[in-house]
Amino acid sequence: MGYHEWKSCIDACLQCAAVCNHCASSCVKEEDVKMMARCIELDMQCATICYASAQLMSMGSTQAKQLCAICADICEACGEECSKHQMEHCQECARICKACAEECRKMAA
């Protein structure tokens with residue numbers, strides 16, 4: 001297994017990482033940055049694990065499924081946190097994280 005077989009999950013992870021980076025950078029520009037601290041933290045963690053998962057899947061790593069299971073957990077946590085905030089960037093991030101978690105769960109099954 002590798003890139004072509006896992007392409008939908010790779011694409012979801014790369015999109016999620018980009019949106020999480022956007023969300024984190026937007027959160028630091030909010031008036032009450034302290035209120036956004038957990039969101040920023042999870043955005044950064046989610047982007048990191050999504051990039052790593054996409055890389056391992058692209059290489060056809062035998063560890064990709066295990067990492068994608070962890071990725072799904074982090075994406076779900078990030079999505080839950082982002083959904084608590086009404087900013088457009090957080091709401092978009094929540095949707096993308098939930099979609100990525102679903103793709104990662106399918107891939108890891």
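Every number in this text was worked out from the coordinates using simple rules, so none of it is lab data. All values reported here derive from a predicted model rather than from experimental measurement. Because the Cβ atoms are built from the backbone with ideal geometry, glycine has one as well, and the counts that use them run over all protein chains shown.
So here's what we get for this one:
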read-out: Which numbered condition E76 misses (of (1) over 19 Å from Y3 (Cβ atoms); (2) more than 9 Å from the chain's Cα centre (by Cα)); value: (2)
read-out: Given (1) buried (at least 21 other Cβ atoms within 10 Å of the Cβ); (2) outside any helix (DSSP H, G or I), index of the condition G2 fails; value: (1)
read-out: Looking only at the stretch 32-59, and only at residues there that are among the charged types (D, E, K, R) and in a helix (DSSP H, G or I), the one that is surrounded by the most Cβ atoms within 10 Å (Cβ to Cβ); value: D43
read-out: Residue that is farthest from the chain's Cα centre (by Cα) [pool: residues in the stretch 79-97 that are of a type in the set (D, E, K, R) and outside any loop (DSSP other than H, G, I, E, B)]; value: E88
read-out: Pair list, Cβ < 8 Å and 6+ apart or interchain, from the stretch 5-31 residues that are under 17 Å from A77 (Cα atoms) to residues that are buried (at least 22 other Cβ atoms within 10 Å of the Cβ) and charged (D, E, K, R); value: A12/E103; C13/E103; C20/D43; N21/D43; C23/D43; A24/D43; C27/D43
